[in-house]
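The structure appears below as structure tokens.
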Amino acid sequence: FDFCQAEGKKRPSENLGQVLFGERIEPSPYRFTFNNKETCKSVCIKTYDTTKPEDKQKLDFLKKSMLLNYQHHWIVDNMPVTWCYDVEDGLRFCNPGFPIGCYITEDGRPKDACVINSEFHEKDTFYIFNHVDIKIYYHVVENEALGARLVAAKLEPKSYKHTHPDNPDCSGVPMDISNKANGEVKIAYTYSVSFEEEKNIRWASRWDYILESMPHTHIQWFSIMNSLVIVLFLSGMVAMIMLRTLHKDIARYNQMDSTEDAQEEFGWKLVHGDIFRPPRKGMLLSVFLGSGTQILIMTFVTLFFACLGFLSPANRGALMTCAVVLWVLLGTPAGYVAARFYKSFGGEKWKTNVLLTSFLCPGIVFADFFIMNLILWGEGSSAAIPFGTLVAILALWFCISVPLTFIGAYFGFKKNAIEHPVRTNQIPRQIPEQSFYTKPLPGIIMGGILPFGCIFIQLFFILNSIWSHQMYYMFGFLFLVFIILVITCSEATILLCYFHLCAEDYHWQWRSFLTSGFTAVYFLIYAIHYFFSKLQITGTASTILYFGYTMIMVLIFFLFTG
């Protein structure tokens, strides 16, 4: 964007989570000394001669960024510098970033941030926020030796056309850049900083004012109630089937002492000779189950830590780092589960099974990630992951995750196969003609609706925090929703499985995996809807990136719910 650069300062280093999320921290040319008030200090002056093509290109890029409401994100002492302004109902909203500038349309309508100042009124004009008033709040620690701690940093973006750019006075008309302007454009960047003691905010709770101004907690409670109602309804259904229907069925079967009655069996009892027939593509199912277990445990532990407050927004990138490290360390349960199921399906090719468990799903995710990275790299983006980090991730995968998967699989194959309570018949039964709702596809499509209904409000906030750079801190809610989702998936699957077995269709393994796994398809549809309704993304590269990352999330979610 051609803003002022910091001379000769070292770049701060980022952790794994930040690198993967594309967060890069750059040193800043704005220098403060504690309790040293500055007014209207010049940072640098940028001059654009629109007759020169490279200058014109730079200026056009700036204009485009103002049109799309791009934001500065600044950090002081690991705190975001916020811009607080009044919204309706007398509430204050604190935005952890502030816009580069704003635009007044050709018919004189102010867009985005231009509404804050009535002086922005020229038609078809850009106003750049080239001056900031920064106010830093500090809290003096009681025992004097420690000095003071910063508890908040706020700023007001301003726009000034400095009459003497070399000796700025920070007054006068706003800095306007007309869309049709020719000749020389001079932008002087300046700042003022003041310090104020704030006795009421403790250092430990200094993030609260940002999080409090984020709205939506009442929506969360509403969504939790909504999900709980679904869960209660499902649990009631399952309990009713388990207690009443099954109890009745079993009592009825137990009363039959003479063999003649036993010939006229009905419902799920008829398929007892086929119920444990190994599924088609048993290899793939066992691999999916292994990877799914890995993701399930990873999500549970990550969210548990996040609830305890280890992964708050103050530890940048901690969430992603935690998830990646856990995923790598949880190779053992994946190998074990996959091996156990594969063995109980009567599979012989155990080497293939282990290799697929350690390489199939991670391989797809990594390949997708690598392609996205190539696109970022080709676009010259700062979010592109450096080669070293890619090698590090590969090393984590090959040197830690894969050996752990092998260990898990070794134990899984060493144990005896899961004992089946009934023998499987030699000749497969014929499956009778199914009614519409016990056919595989309608059952699977119905199964995904309920779990998705539980999570879609949370999904909105999570997508916002990923794509719109809003902070996500409601891990307590998320943990609750996660538990509800797990229960809903299990119960919906049990219900549909019971209906299918009553209809004498014994292909239940894949179907029970896909019934709740289909939630991921609804997730994909929602993500597409979100893309078109909420995001203004232009350009092919950005669109491919959005859908590339969404596909990674969908795959992980599919394995997790299944």
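Structure notes:
- All positions within the range 499-544 that are part of a helix (DSSP H, G or I), among the β-branched types (Val, Ile, Thr) and open to solvent by 50 Å² or more (accessible area, probe 1.4 Å): Val521, Ile525, Ile528, Thr540, Ile544
- Residue that is farthest from Ser213 (Cα to Cα), among those in the range 95-106 that are open to solvent by less than 10 Å² (accessible area, probe 1.4 Å) and part of a strand (DSSP E or B): Ile104
- Of the candidates Val354, Val271, Val328, Val337, the single residue that is at pLDDT below 90, assigned to a helix (DSSP H, G or I) and open to solvent by less than 30 Å² (accessible area, probe 1.4 Å) is Val271.
- All of (1) of a type in the set (Phe, Trp, Tyr); (2) touching a Phe, Trp or Tyr at 6+ places or on another chain (Cβ under 9 Å); (3) open to solvent by 80 Å² or more (accessible area, probe 1.4 Å) hold for Tyr30 with one exception: (3).
- The range 357-384 residues that are surrounded by fewer than 19 Cβ atoms within 10 Å (Cβ to Cβ), paired with ones that are of a type in the set (Lys, Arg) (beta carbon under 8 Å, 6 or more apart): Ser382/Arg24; Ala383/Arg24
- Scanning the range 452-463 for residues that are open to solvent by less than 50 Å² (accessible area, probe 1.4 Å) and either among the hydrophobic types (A, V, I, L, M, F, W, C) or more than 15 Å from Ile224 (Cβ to Cβ) (or both) yields Phe452, Cys454, Ile455, Ile457, Leu459, Phe461, Ile462, Leu463.
- Of all residues in the range 172-197 being over 19 Å from Ser159 (Cβ atoms) and at pLDDT 90 or above, the one that is surrounded by the most Cβ atoms within 10 Å (Cβ to Cβ): Phe195
- Selection within the range 1-27 - hydrophobic (A, V, I, L, M, F, W, C), open to solvent by less than 70 Å² (accessible area, probe 1.4 Å) and closer than 20 Å to Ile134 by Cβ: Phe3, Cys4, Ala6, Ile25
- Flag if Leu303 is touching a helix residue (DSSP H, G or I) at 6+ places or on another chain (Cβ under 7 Å) and either crowded, with 20+ Cβ neighbours inside 10 Å or outside any loop (DSSP other than H, G, I, E, B) (or both): yes
The values are calculated or read from the model by the stated rules, or taken from the named source; none is laboratory data. No experiment lies behind these values; they were computed from the predicted model shown. A quick note on method: Cβ atoms are made from the backbone with ideal geometry, for glycine too, and the neighbour counts reach across all protein chains shown. Keep in mind that these areas ignore ligands, DNA and RNA; they rest on the heavy atoms of the full protein, side chains included. Shrake-Rupley method; radii C 1.70, N 1.55, O 1.52, S 1.80 Å.
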